[in-house]
Amino acid sequence: MFQTFRNQKRIWALLAMVLVIPAFVFIGINGYSRLNPDANAIAKVDGKGIQPEEFDQTKREYIENMRRQQQSGTIDTSIFDTPEANAAILQTIATKRALQAQLNHNFMNIGEADAIAYIKAAQIFQKDGKFSPELYENYLAARGKSDQQFVFELRTDLAREMLVNSVSHTVMMPKKTLELLNNILREEREVRTMSFDPASYMKDVKVTEQEMQKFYEDNKKQFQAPETIDIEYVVMSPKTMKITAQPSEDELKQFYEQNKAKYNETETRRASHILITPKLTEKDAAKADEEAKAKAQKLFEEVKAHPEKFAELAKSNSEDSGSAAHGGDLDYFAKGQMVEPFEKAVFAANKGDIVGPIKSEFGYHVIHVTDIHGARTKSFEEVKPEIIALWQNQQRQGLFAENADNFTNMVYEQSDSLAPVVEKFGLQLHKLDGVTAAGVPAGSDAAEFINKRVIEDLFAPDSLQDKRNTQATEVALNTLVSARVTKHIAAHLRTFAEVKDQIKDFLELRQASELAKKAGEEKLKQLRAKTDLAGFGKTLTVSRMDPKAQPIALVQAEMEVPAKSLPAFTGAQAADGTYFISYVEKNIMPKSDDEQYSELRASAIRAASQADELAYYDALKQLYHMEILKKEFDYHGPKALQ
C-alpha cells in the first residue's frame, strides 16, 4: 500500500559498510612486483589477486563501521587481529569479488537514476520527513567521497543485492514441515506439579572434613586464582579538554551569515488521502480500473460536500492500511518523497483543498491538503545554541590536536607517575582493582578504555615490575589512554582454608539434591502404581512457547509424554537440584493462529534463505576459482564476519 511503501523505504545494510578510507596505491619496489601485480596477493578470485592493501582497507572499514554503530565510538580493535577475523575478512572480500564477477559475466547492472532515487529515499538522509542535502553532503565528507563516487559504488552494491536476492528470496518451505513445526510449538499440556526442594534435605546432610579435603585435592584447578593487578589510568580526548573562552556575539552571527544555507528548510506539506486500488481478482483489468475510479470519484464528491467526514471515510474505505488507521493522515513531506502524480496534485493545491481522484501506480487517491509549512531559513536565535556547541566542539578538537603529542611524550618521559599529565591537562585519575589478563568485564565503565592492547601493555614486564606508565594508546578515534600498575598479585593456588566454606556449600547442595531426587523418584514410582494427587499444585497450561516459569527440563519431560498415554506422571530434576513430579492431565491443540503461523513461516524462510545465501556465496567462489595464497589466512573456523 502507498503509506506502507513509503514507511518501509529503508537504508540497505550495505550503506553502513560503504567504503570510508581512500584506497592506497601500491607501487612495487622491484621489477618482479611491477611485472607481476599479484606477487604479494593474499588470494585470487576470477584470476585477479586480493592485495594486502585491499585487505587492510576492508579491516579498517569494519572497525570504523563498528565505531559508528556504538554511541561511545570506542571499540576493542584487537578483536580484528585474530586468525578467525582475518580469514572472515578475506572471505568477505572474496565473496564480493565473486559476486562482481557474476555480474560482469552476465552484464547485470543498476542504472544511475535508480541509485539516486534510492539515496533520496534512504532514512539516513532524511530530516523532518524529507531528503536532506546537508545530511548527504556531511555523510560524503565524513567518508572522503564525492557524490559521483558514492553513486557508482551504490550502483554496484545494489546490483549485488539484486543478484543475491534472486537466490535468497526464492526459498520455498514445505507446508507439511511448517505445519509440523507449528503444531510442536502450539501444543499445550495441562499439568499439576509437586516439588522436592534440596533445602528440605539439608538437615540430613553431613559433609566431613575428609570429604572436603579430598574434593580440594581432586579439583585444585578450580581453585587457581588468576594473576591480578590494581591499576590507575587517565583518558585524554576532546571531551576532556577544558575550554574557558566563549565566542562573541559577532563571531556567532558571522558564522550564521556565512552558513545560512545550512539552516534552510524546504517547503513541506501535510496531507491525508483515501486510496482505492483496482481489484486484483478482476479478470478484466480495464473494468477493475474503472470500478476503482468510480468509487474514488463517489468518495471525492462526498468529502467535497462534507470535509469533516474525511477521516471517518478514510478509516472505512482507504486501502492504504498504514494511513487509514489515522484517518488517512500521511504527516508532513517534501517534494521528492511521494510518487509524482500524487506530489504534483498536493503541491499545486492550497491549504484545505480536497482534490482527486488522482491516479498513481498504487491506485486512485482522494487527497485533502491539511497544512503547509513554507520554505524558510531558521533565525539566528533558533540556531544560536547549535552554533555555540559547534564552536566549543571545534575548540576542544583543536586543543586535543595541540596537546596529544605532549600527552604521549609526558606519559613516556615521566613514566613513574600519571600525576604530571593529570595536573597539566586537568584529567581525572581513574582507579580499577582486580584486573586480570582476560580484560575488564564488558559491563564495566572502564571497558571502553581498558581494551586488549592496554591490558597487554599493563601485563608487560616493565609495567608489572617497574610500575611504569603504559604508552599512550589510541583506544578510539581521538581518544588516548595511559595506565599504570599500582599493585600486582601473581597467579596462585588458593589455600584450602580460603575455599573451605565454598567447598562445604557445594558438597552439601550436591548431597541434598541427590536425596531430593531419590525421594522424588520413589514418590513417582508410587504414584504410577496408584494415583494420588494430594500435595500437587493447581493446574497450569504449559507449552514449549510458554513454560509458565517451569524449568526447561521439566517442560521437556511433560511434552515428551505421548498424548495417547495421558493422564500420566513424569519427573525431572532442575539445574538447581529441585526434583519435580508432574501430573500431565491432558493434551491441548489450540486453534491455529494465523499471525503466529505467518511469523513462524517468515522465520523459517529467513533461516533457509540465509543458508541458501551462504551456499550461493561458496558456489560462486568455487565457480570463479577462489584460491588462498597465504596459509595464515586459510582458517577453517566460523566465518563470523561474513
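The values are calculated or read from the model by the stated rules, or taken from the named source; none is laboratory data. If you're wondering where the values come from, they're calculated on a predicted model, not measured in any experiment. Ideal geometry is used to build each Cβ from the backbone, glycine not excepted, and the neighbour counts take in all protein chains shown. In case anyone asks, the SASA skips ligands and DNA or RNA and just uses the protein heavy atoms, side chains included. Shrake-Rupley method; radii C 1.70, N 1.55, O 1.52, S 1.80 Å.
Restricting the search to the range 44-84, which residues are modelled with pLDDT under 75, exposed (fewer than 15 other Cβ atoms within 10 Å of the Cβ) and under 21 Å from R453 (Cβ atoms)?
Answer for the range 44-84, where residues must be modelled with pLDDT under 75, exposed (fewer than 15 other Cβ atoms within 10 Å of the Cβ) and under 21 Å from R453 (Cβ atoms): R68, Q69, Q70, S72, D81.
List pairs: first in the range 466-483 and surrounded by fewer than 19 Cβ atoms within 10 Å (Cβ to Cβ), second of a type in the set (D, E, K, R) and assigned to a loop (DSSP other than H, G, I, E, B), Cβ under 8 Å, 6+ apart or cross-chain?
K467/D416
Counting only residues that are open to solvent by less than 40 Å² (accessible area, probe 1.4 Å) and either aromatic (F, W, Y) or assigned to a loop (DSSP other than H, G, I, E, B) (or both), how many does the range 327-342 have?
Residues in the range 327-342 being open to solvent by less than 40 Å² (accessible area, probe 1.4 Å) and either aromatic (F, W, Y) or assigned to a loop (DSSP other than H, G, I, E, B) (or both): 8 in total.
Looking at P547 and the list (1) free of Cβ contacts under 8 Å to residues at least 24 places away in the same chain; (2) open to solvent by less than 40 Å² (accessible area, probe 1.4 Å); (3) not in a loop (DSSP other than H, G, I, E, B), which single condition is not satisfied?
The number of the failed condition is (3).
Could you list all residues from the range 93-144 that are charged (D, E, K, R) and open to solvent by 30 Å² or more (accessible area, probe 1.4 Å)?
Scanning the range 93-144 gives K96, R97, E112, D114, K120, K127, D128, E134, E137.
Out of the range 247-290, which residues are among the acidic types (D, E), open to solvent by less than 70 Å² (accessible area, probe 1.4 Å) and not in a helix (DSSP H, G or I)?
Of everything in the range 247-290, those that are among the acidic types (D, E), open to solvent by less than 70 Å² (accessible area, probe 1.4 Å) and not in a helix (DSSP H, G or I) turn out to be E265, E267, E282.
In the set K315, K359, which member is modelled with pLDDT of 90 or more, of a type in the set (K, R), open to solvent by 50 Å² or more (accessible area, probe 1.4 Å) and out of contact with any Lys or Arg (no Cβ under 9 Å at 6 or more places or on another chain)?
K315
Kindly list, by first and then second residue, each pair from a residue in the range 487-513 that is under 24 Å from K203 (Cβ atoms) to a residue that is of a type in the set (S, T, Y) and open to solvent by less than 40 Å² (accessible area, probe 1.4 Å), limited to pairs with Cβ atoms under 7 Å and residues at least 6 apart or on different chains.
From the range 487-513, the pairs are I503/Y216.
In this structure, is K214 open to solvent by 70 Å² or more (accessible area, probe 1.4 Å), under 30 Å from H430 (Cα atoms) and basic (K, R)?
no
Conditions: (1) open to solvent by 20 Å² or more (accessible area, probe 1.4 Å); (2) under 28 Å from R60 (Cβ atoms). V422 meets all but one. Number of the miss?
Only one criterion is unmet by V422, namely (2).
What pairs come out if I take residues in the range 48-61 that are closer than 15 Å to R97 by Cβ and pair them with residues that are of a type in the set (D, E) whose C-beta lies under 7 Å away, six or more apart or interchain?
Within 7 Å, the pairs are G49/D38.
Can you name the residue in the range 571-590 that is outside any loop (DSSP other than H, G, I, E, B) and within 13 Å of E190 (Cα to Cα) and is also most open to solvent (accessible area, probe 1.4 Å) among such residues?
By that ranking, first place goes to K586.
Output the number of residues of the range 617-634 satisfying the condition of being closer than 20 Å to P83 by Cβ and either of a type in the set (D, E, K, R) or loosely packed, with under 14 Cβ neighbours inside 10 Å (or both).
Matching residues across the range 617-634 total 7.
List, please: which pairs have Cβ atoms under 6 Å, are six or more places apart or on different chains, and start with a residue in the range 527-539 that is open to solvent by 70 Å² or more (accessible area, probe 1.4 Å) and part of a loop (DSSP other than H, G, I, E, B) and end with one that is of a type in the set (A, V, I, L, M, F, W, C) and at pLDDT 95 or above?
Matching pairs, first to second residue: none at all.
Restricting to the range 368-392, what's the tally of residues that are closer than 22 Å to N264 by Cβ and open to solvent by 40 Å² or more (accessible area, probe 1.4 Å)?
Residues meeting the conditions: 17.
Go through A404, A345 for me and flag whichever is part of a helix (DSSP H, G or I), in contact with a Leu (Cβ under 8 Å, 6 or more places away or on another chain) and of a type in the set (A, V, I, L, M, F, W, C).
A404
Per-residue answers, yes or no, for (1) under 29 Å from R376 (Cβ atoms); (2) without any contact (Cβ under 8 Å) to a residue 40 or more places away in the chain:
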position	(1), (2)
D250	yes, yes
F255	yes, no
N264	yes, no
S272	yes, no
L275	no, no
D284	no, yes
A288	no, yes
Q297	no, no
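Looking at the range 303-326, is at least one residue assigned to a helix (DSSP H, G or I), touching a residue at least 60 places away in the same chain (Cβ under 8 Å) and over 30 Å from K120 (Cα atoms)?
Within the range 303-326, one or more residues are assigned to a helix (DSSP H, G or I), touching a residue at least 60 places away in the same chain (Cβ under 8 Å) and over 30 Å from K120 (Cα atoms).
On the given criteria, is V191 surrounded by 12 or more Cβ atoms within 10 Å (Cβ to Cβ) and within 32 Å of the chain's Cα centre (by Cα)?
no
Please give the number of the condition T244 fails out of (1) open to solvent by less than 50 Å² (accessible area, probe 1.4 Å); (2) of a type in the set (V, I, T); (3) free of Cβ contacts under 8 Å to residues at least 12 places away in the same chain.
Going through the list (1) open to solvent by less than 50 Å² (accessible area, probe 1.4 Å); (2) of a type in the set (V, I, T); (3) free of Cβ contacts under 8 Å to residues at least 12 places away in the same chain, T244 breaks only (1).
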